[in-house]
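Below is one structure; the comments refer to it alone.
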Amino acid sequence: MIYRIINAFIEIKVKSRYSVLSFFKYARLMSKLTLKLIRDTFSIHSLAVNSDIPKEVFSAPIYFIAKTYDELSIVLPSHYCIGSDNVETDWQALEVVGPLEFSLTGILSNISSVLAGENISIFAVSTFDTDYILVKSNTINSAITALRLNHYQVLTKNENALK
């Protein structure tokens, strides 16, 4: 049975100009995808688009800055206080252990689908090497359980300390 499924997938993908090798590479990655719980609690700040980035941001060990035509968003550990127009506090971050190749698809989609199935809202951030999925602290245990039940390896604070 599994032979027929793989064979059908290969036939479809080859006709669609995808390589058989990329299928096996993707399948291997997805079956071993690891997420790591970041120890910090985060706040997501919203500032006016013309705001200067507060100097305190650059002293944080980890931060994310996004600017669009309409807004400036800054994510940083909650113990860093900056002036902002609005702030959402109490977020936990899961890092997809990378680096991830740009040719890989569906990573964020699959993770967000698992969490959406449990009614867990996310705030996602992507970097050059990997993705970060932030969830409210009161849902982090449910998020980890849901991901593990869907074959993701999730390293928690205690497991991170051992590594």
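Here, each number is a calculation from the coordinates, and none is a lab measurement. A quick note: this is a predicted structure, and the numbers were derived from the prediction, not measured. In this analysis, Cβ positions are derived from the backbone assuming ideal geometry, glycine residues included, and neighbour counts consider all displayed protein chains.
Values computed for the structure shown
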| item | result |
| --- | --- |
| Local net charge near ASN50, Cβ-Cβ under 13 Å (Lys/Arg +1, Asp/Glu -1) | -3 |
| Rotationally averaged projected area of the range 33-163 (alpha carbon convex hull; nm²) | 8.7 nm² |
| Long-range HN-HN contacts of LEU72 with modeled amide H, under 5 Å | LEU47, VAL49 |
| Label zone at ILE62, where the point sits 7 Å out along the Cα-to-Cβ direction: the range 108-146 residues whose backbone N lies under 13 Å | 125-127, 130-135 |
| Computed FRET value (nearest 0.05) for GLU71 with SER121, which takes r as the C-beta separation and R₀ as 22 Å | 0.70 |
| Inter-label distance for VAL49 and SER137, nm, one decimal - labels placed 7 Å from Cα along Cα-to-Cβ | 3.4 nm |
